[in-house]
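All remarks here apply to the structure that follows.
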Amino acid sequence: MSQLGRDDLLTAYRRMATIRAFEERLHDEIKTGEIAGFTHLYCGQEAAAVGVCHHLADDDYIVSTHRGHGHCIAKGCDVKAMMQEIYGRAGGLCKGKGGSMHIADISIGMLGANGIVGAGAPIAVGAAISAKLDGRGKVSVAFSGDGACNQGTTFEAMNLAVVLKVPAVFVFENNHYSEHTGVDYSVGTSNDIASRAEAFGMKAWRADGCDFFSTFEAMRDLLDHVRGGGGPAAIELDTERFYGHFEGDPQRYRGPGELDRIRESRDCLKAFRSRVREFADISADDVDVIDGEVGTLIDEATAEAKAAPPPPPEAVLEDVYVSY
């Protein structure tokens, strides 16, 4: 808490509240049939994305997952352009051709969401090699989950990061379900994902991913290590997702009352609001104002996305190849 002033705390809350409101609106809008493709909501995990990205600058890199909206907003992507992208509009961050699972904004170091589980880690290591060669102390962060921790791509990426001693950070958001399979069954190391990273020869941290402050403080120490030349590192964040794997998932794998319990006891926004009033002269009214402003932003983003034009047919031939 000592490094967080009033403005920092309010900024962190705004980003978490924006993620929650964005995702809750999508949960409702998807039912209209206007949004194409699969959508995976990030509700419940807001403190993880914001606690990590609060330390990052625009020229630090992140690589996201199929559940990427929260990472995009936490890194600073334009919310209205994100909504247009999800609606497949020409004004979207990827001109409406990427959709929910492939949002990217290179200008702020968001190298893209990724529909393939575990595919982000090798990309992040490539970016970390670039950061090492650049020599300006920047880092590359790979977000992934408890499902991706079982992927060979992730293992190879962690090994290569250690061998080359690059400034890569592997963030494992353990929300306890790989699609529909519980972590108790699918992860063989007694649910301890961080120890897998340690086995490759890097330092690993553990934090409560439902607590912004726990995540923020662990990431502060981790990034001091990585930016100081200590090589790659990993962190496991214990968190929860409030919706199904995808929108439309009936969640029959959940235990009785499980969702009610985690919404009541592990809601990171509730926890933040409760704790932050002890610090920096922040009142309930202060965060209520932010909630209102965020609600207005999401209303505007949704209305503008619905009214915006789709990309023209000839745009399918644009941006196929990259020009350097």
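The values are calculated or read from the model by the stated rules, or taken from the named source; none is laboratory data. Here the structure is a predicted model, which is why all the values come from computation and not from measurement. Using ideal geometry, Cβ is built from the backbone for each residue, glycine included, and neighbour counts are taken over all protein chains shown. Accessible surface is based on the protein model in full, side chains and every heavy atom, while ligands, DNA and RNA are left aside. Shrake-Rupley method; radii C 1.70, N 1.55, O 1.52, S 1.80 Å.
Consider the stretch 279-310 and keep the residues that are in a loop (DSSP other than H, G, I, E, B) and under 27 Å from the mean Cα position of the chain (by Cα). The one that is surrounded by the fewest Cβ atoms within 10 Å (Cβ to Cβ) is Phe279. In the stretch 241-260, the count of residues that are closer than 25 Å to Ala81 by Cα, under 22 Å from the mean Cα position of the chain (by Cα) and among the aliphatic types (A, V, I, L, M) is zero. If the condition is being open to solvent by 10 Å² or more (accessible area, probe 1.4 Å), modelled with pLDDT of 95 or more and aromatic (Phe, Trp, Tyr), then the stretch 33-86 contributes only Tyr61.
Gly188 fulfils the conditions (1) within 16 Å of the chain's Cα centre (by Cα); (2) modelled with pLDDT under 95 except for a single criterion, (1).
Residues in the stretch 171-205 that are open to solvent by 30 Å² or more (accessible area, probe 1.4 Å) and over 21 Å from Leu259 (Cα atoms): Gly188, Thr189, Ser190, Asp192, Ser195, Arg196, Glu198, Ala199, Phe200, Gly201, Lys203, Trp205. Inside the stretch 102-125, residues that are out of contact with any strand residue (DSSP E or B) (no Cβ under 6 Å at 6 or more places or on another chain), open to solvent by less than 40 Å² (accessible area, probe 1.4 Å) and in a helix (DSSP H, G or I) make up a count of 1. In the stretch 126-170, what residues are surrounded by fewer than 24 Cβ atoms within 10 Å (Cβ to Cβ), in a loop (DSSP other than H, G, I, E, B) and of a type in the set (A, V, I, L, M, F, W, C)? Scanning the stretch 126-170 gives a single hit, Val166.
Screening the candidates Gly244, Gly248, Gly255 for the property of being touching a Pro at 6+ places or on another chain (Cβ under 8 Å), open to solvent by less than 80 Å² (accessible area, probe 1.4 Å) and at pLDDT below 95 yields one hit, Gly244.
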